[in-house]
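Structure record follows, encoded as structure tokens.
The values are calculated or read from the model by the stated rules, or taken from the named source; none is laboratory data. Just so it is clear, the model here is predicted, and its values are computed rather than measured. Glycine gets a Cβ as well: all are built from the backbone with ideal geometry, and neighbour counts include every protein chain shown. Each accessible area value is taken on the protein alone, full model and side chains, heavy atoms only, with ligands, DNA and RNA left out. Shrake-Rupley method; radii C 1.70, N 1.55, O 1.52, S 1.80 Å.
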Amino acid sequence: MSDAVDQILAQWRRERPDLDVWPMGVVGRVSRLSRLLDLELKKFFAGHGLERWEFDVLATLRRSGPPYELTAGALNRAAMVTSGAITNRIDRLAARGLVERVPDEEDRRSVRVRLTGQGRELVDEIVGPHVDNEARLLSGLAPEERDQFVRMLRGLLESLGDKTINPEA
């Protein structure tokens, strides 16, 4: 079985036989896979009236547990975006009534972002179908392949310095 990346690698091998282009095969496939998954997830969330980033913020708050709130800084670390971007995201979600800003009871200089009842209902409604959609996207892998793929991806992420996300840290 051959894919588009195989064709690219064959062209490089023909033009530059002195190069061992195997890394292009891995990175190229991961990049293409990322784009395809992003497109599929974008379609899924659009069908629910959301952007992917909106679901990510809402889901981060939901899985934080009661009272379903975090500081903007914690959300920023979880989302891996700039502070300006997280402020904009919070503003947009607050305008839709999905989150609210509340004073931090322990630090009056700080504000926490809390999932509203409407936001929680939306996440709870979507998360099951979202998991089903992701399972559909990965249905080309047998269970043992999924486990191996997860181990390999985890190892590569760790080797590149990806850190465990602890929003409250």
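Things to note:
- Residues of region 76-114 classified as in contact with a Pro (Cβ under 7 Å, 6 or more places away or on another chain), of a type in the set (A, V, I, L, M, F, W, C), at pLDDT 85 or above and within 23 Å of residue 45 (Cα to Cα), total: 0
- Lone unmet requirement of (1) crowded, with 17+ Cβ neighbours inside 10 Å; (2) free of Cβ contacts under 8 Å to residues at least 40 places away in the same chain for residue 69: (2)
- Test: residue in region 43-54 that is crowded, with 17+ Cβ neighbours inside 10 Å and either of a type in the set (Asp, Glu) or within 15 Å of residue 112 (Cα to Cα) (or both): yes
- Hey, residue 106 open to solvent by 70 Å² or more (accessible area, probe 1.4 Å) and assigned to a strand (DSSP E or B) or not: no
- Checking residue 2 against (1) small (Gly, Ala, Ser); (2) farther than 20 Å from residue 123 by Cβ; (3) modelled with pLDDT of 95 or more; (4) open to solvent by 80 Å² or more (accessible area, probe 1.4 Å), the condition it does not meet: (3)
- Selected residue (criterion: most open to solvent (accessible area, probe 1.4 Å)) from residues of region 109-124 that are in a strand (DSSP E or B) and either farther than 19 Å from residue 53 by Cα or among the aliphatic types (A, V, I, L, M) (or both): 111
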